[in-house]
Number of protein chains: 2
Amino acid sequence: MALRVQKYGGSSVGSVERVTAVADRVAAAREQGDDIVVVVSAMGSTTDELISLSRQVTPNPDPRELDTLLSTGELVTSTLLAMALRERNHPAVSLSGLQAGIRTDSDFTRARITEVEPHRALDEISRGNIVIVAGFQGTTDAMETTTLGRGGSDTTAVALAAALRPEACEIFTDVDGIYTADPRLVPNARPLVDISYEEMLEMASEGARVMHHRAVELAWVYDVPIHVSSTFTYGRGTRIHGGPLMEIRNKVRGIAHETDVARVTVRRVPDQPGIAADLFSPLADAGISVDIIVQNVGEDGHSDVSFTVANGDVEATLEHVRTVATTFKAGEVTADRQLAKVSVVGAGLQNSPGYAARTFQALSGAGINIEMITTAEISITCVVRESAVEEATRALHSAFDLEETDG
Amino acid sequence: MALRVQKYGGSSVGSVERVTAVADRVAAAREQGDDIVVVVSAMGSTTDELISLSRQVTPNPDPRELDTLLSTGELVTSTLLAMALRERNHPAVSLSGLQAGIRTDSDFTRARITEVEPHRALDEISRGNIVIVAGFQGTTDAMETTTLGRGGSDTTAVALAAALRPEACEIFTDVDGIYTADPRLVPNARPLVDISYEEMLEMASEGARVMHHRAVELAWVYDVPIHVSSTFTYGRGTRIHGGPLMEIRNKVRGIAHETDVARVTVRRVPDQPGIAADLFSPLADAGISVDIIVQNVGEDGHSDVSFTVANGDVEATLEHVRTVATTFKAGEVTADRQLAKVSVVGAGLQNSPGYAARTFQALSGAGINIEMITTAEISITCVVRESAVEEATRALHSAFDLEETDG
């Protein structure tokens, strides 16, 4: 008798009908003889509705209050699913974040899990119960309710799997798995059979959005293999795991893209120690994530520095950077919001000559100008005009023969 | 600086607008310099909507799951009210039943409070926070979420007041206080300035419905004075308390009525020991509340027994009673569903000759037939046809000069 941890996301439980469909799926898994722990998200748009409710009261909801408010969404789903399973004659019990032992720090709205105390879940399993855990939430040592922020329910599932060591940690979502590229852009993209944590992380942070990078990171640290598949079909899905695959393989696995990209450029930055720190520390303090940073070769003791941020952060970034630029007498600070990035992802790319050249040739062949380039251990990323991202993704997908992938 | 416990019911917080209106009221109380603990119900019809959601999943929701589901309603109100107060620059913090230390037994859907541990609430008060407590909910020693059943939020407020000993326990509702009779039936009914616990209990159980009898009982046991008034007006309301008023006064305080009354009659019950126990024990075991019991004077070793139950319990009652009646060879068992009761309530009525006679004269004068009579320490109750209840209430209200009450 194996233990399985399953997670169903918001669209999988988007209505009462879908909750009962999930109950059928969980019941089927149970009838195979396995013990089941299910993690659920809030139903469909519930979280957005609760946020909207709070905004009718105040433009700046208190984070502590907001977390308790939002935590009710997952409580509703978890209790309904437990009821639906009991209706199917399967003993089931819902557990809140508190009851499931999801302990966090007290950084409300984006708490990090510090510990999972799985005693209660294990007790319920040993009593023959299917355990339904409200995802996305936890509690501090002071019994404060917290939420985990983006990717929260995935993170709950992986953290529980790290504590419970199930045979499988299954993430059910609205897609068939991790694709070689976004199928909306590349019609002949195909789901991968497996992918390494590191590659997945690159795909996720580059925009694959099937699983939040934070949950993938946690899975990597605790070596929790994850199986991603669709709630709505019975496709084979994608297995995300460590193992020997990184060593024995050396090929492009997928093309990721991201359209929420803006570039900020600071002209004529003096080449002197400490400038980079002065430039980027205020952004870090303001919680602004800087992605790609490129510094051109300087001349006459100056160089141009460009970096990318999310479009929503451009105004704040300009404000901070202009202040700093003035103090060290740099030149103009400009922003370009019409950009996107496209990445070729695969283990060992950086150590293998030819991949970068092939990437640039493919884009060039499609008549696409490259605005910025950055390479990492397992990826080559090019910033292009936003209008060209679709064609760029298709060109690279084709250049690396991904439509013929073995998965 | 005094401490005040305030409770706002479902209609008082029936919409976001009303929650913000309550925030204004609480803020005004705070600005008088008092410390405030607020207990809130779920917004308007939220509880009914959650029950309906559960019924879409199963006709018989598991009580434990239902309690966690329903508890979310009060969490939503409490967090929104805390946010609204912070928006008004008043530090406020919401507490769940767990956080507020509302400990209960594990009788889900109708848990009883076993203990209130007010440490967290006191800490928050000492930090200058207004404390908002989610009503209607508690937790067991095993950290299970429970709900308190009918009258739950009133009970939360009184239990907190019993632990915190505030200057006032204020129940805000949609009426101006406790009336001499239901104003929908008796247009010149007036709110009482004060009423004893015992009288209030009689008014509540006889249908006044402003506060649940369970909360009044708890207030009586712990001698917590309660002030009932309207959220929507600034009337003076009614004070419910113990004190000397029962001894020094000896008059009719109000007329209560109740229309959900059915009478079951068992003919020719043999006069032998143990019959009453045999008749009523199965009903108690089935959770059926029997209200008035009348046994006529018997002849030839038999008597007729009549008693009242709620209309919804008639079918089950007939089934149980007919089984027992057969075993001891009683006669026919019949039910009459078209009844109501009307009660004259006031401390010391039973010991004061004349009140009963005046009651019967008033009903007789109005041409109303009395079907059953029962008297208690502080009330005289007559069962009448349901069609006559309105006129009976008006006749008694007038007979005891209640429109001229000093309140």
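In segment A:67-77, which residue that is more than 7 Å from chain B (Cβ to nearest Cβ) and polar (S, T, N, Q) is farthest from A:E49 (Cα to Cα)?
Taking segment A:67-77 first, the residues more than 7 Å from chain B (Cβ to nearest Cβ) are A:67, A:70-71, A:73-74, A:77.
Remaining after also requiring polar (S, T, N, Q): A:71, A:77.
Working: A:S71: 13, A:T77: 15 Å.
Once the filter is applied, the top-ranked residue is A:T77.
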For segment A:21-55, the count of residues that are touching a His at 6+ places or on another chain (Cβ under 7 Å) and either among the charged types (D, E, K, R) or not assigned by TED's automatic domain parsing to the domain that holds A:L75 (or both) equals 1
Would you say B:I132 is away from chain A (no Cβ under 11 Å) and either touching a residue at least 60 places away in the same chain (Cβ under 8 Å) or in contact with a helix residue (DSSP H, G or I) (Cβ under 8 Å, 6 or more places away or on another chain) (or both)? no
Which numbered condition B:I36 misses (of (1) more than 27 Å from B:D123 (Cβ to Cβ); (2) not in a loop (DSSP other than H, G, I, E, B)): (1)
Based on this model, can you work out whether A:T140 counts as within 28 Å of A:P166 (Cα to Cα), surrounded by fewer than 22 Cβ atoms within 10 Å (Cβ to Cβ) and either more than 9 Å from every other protein chain (Cβ to nearest Cβ) or modelled with pLDDT of 95 or more (or both)? yes
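Say whether the condition of being out of contact with any helix residue (DSSP H, G or I) (no Cβ under 8 Å at 6 or more places or on another chain), modelled with pLDDT of 90 or more and under 20 Å from B:L201 (Cα atoms) is met by at least one residue in segment B:391-399.
Residues of segment B:391-399 that are out of contact with any helix residue (DSSP H, G or I) (no Cβ under 8 Å at 6 or more places or on another chain), as a first pass: B:391, B:393-394.
Then keep just the ones that are modelled with pLDDT of 90 or more; that gives B:391, B:393-394.
Checking the rest, the ones that are also under 20 Å from B:L201 (Cα atoms) come to B:393.
Yes, segment B:391-399 contains at least one residue that is out of contact with any helix residue (DSSP H, G or I) (no Cβ under 8 Å at 6 or more places or on another chain), modelled with pLDDT of 90 or more and under 20 Å from B:L201 (Cα atoms).
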Pairs, first at pLDDT 90 or above in segment A:164-183, second part of a helix (DSSP H, G or I) and acidic (D, E), C-beta under 8 Å, six or more apart: A:I171/A:D154; A:T180/A:E403
Matching residues in segment A:80-103 (more than 7 Å from chain B (Cβ to nearest Cβ), farther than 21 Å from A:G138 by Cβ and surrounded by fewer than 24 Cβ atoms within 10 Å (Cβ to Cβ)) number 4
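Let's see how each residue does on (1) touching an Asp or Glu at 6+ places or on another chain (Cβ under 9 Å); (2) within 30 Å of B:D401 (Cα to Cα); (3) hydrophobic (A, V, I, L, M, F, W, C); (4) surrounded by fewer than 12 Cβ atoms within 10 Å (Cβ to Cβ):
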{"residue": "B:A276", "(1), (2), (3), (4)": "no, no, yes, no"}
{"residue": "B:I288", "(1), (2), (3), (4)": "yes, no, yes, no"}
{"residue": "B:D304", "(1), (2), (3), (4)": "no, no, no, no"}
{"residue": "B:N311", "(1), (2), (3), (4)": "yes, no, no, no"}
{"residue": "B:V314", "(1), (2), (3), (4)": "no, no, yes, no"}
{"residue": "B:H320", "(1), (2), (3), (4)": "yes, no, no, no"}
{"residue": "B:T327", "(1), (2), (3), (4)": "yes, no, no, yes"}
Tell me, which residue of segment B:11-43 that is closer than 20 Å to B:E167 by Cβ and charged (D, E, K, R) is surrounded by the fewest Cβ atoms within 10 Å (Cβ to Cβ)? B:E31
Just one listed residue, out of A:R55, A:R64, is touching a Pro at 6+ places or on another chain (Cβ under 8 Å), charged (D, E, K, R) and either in a helix (DSSP H, G or I) or within 8 Å of another protein chain (Cβ to nearest Cβ) (or both), and it is A:R55
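Condition test on A:R30, is it more than 12 Å from chain B (Cβ to nearest Cβ), basic (K, R), at negative phi and not in a loop (DSSP other than H, G, I, E, B)? Show your work before the answer.
On the way: more than 12 Å from chain B (Cβ to nearest Cβ): yes; basic (K, R): yes; at negative phi: yes; not in a loop (DSSP other than H, G, I, E, B): yes.
The answer is yes for A:R30.
The values are calculated or read from the model by the stated rules, or taken from the named source; none is laboratory data. Fair warning: this is a prediction, and the values are worked out from it, not measured in the lab. Note: ideal-geometry Cβ built from the backbone for every residue, glycine included; neighbour counts use all protein chains shown.
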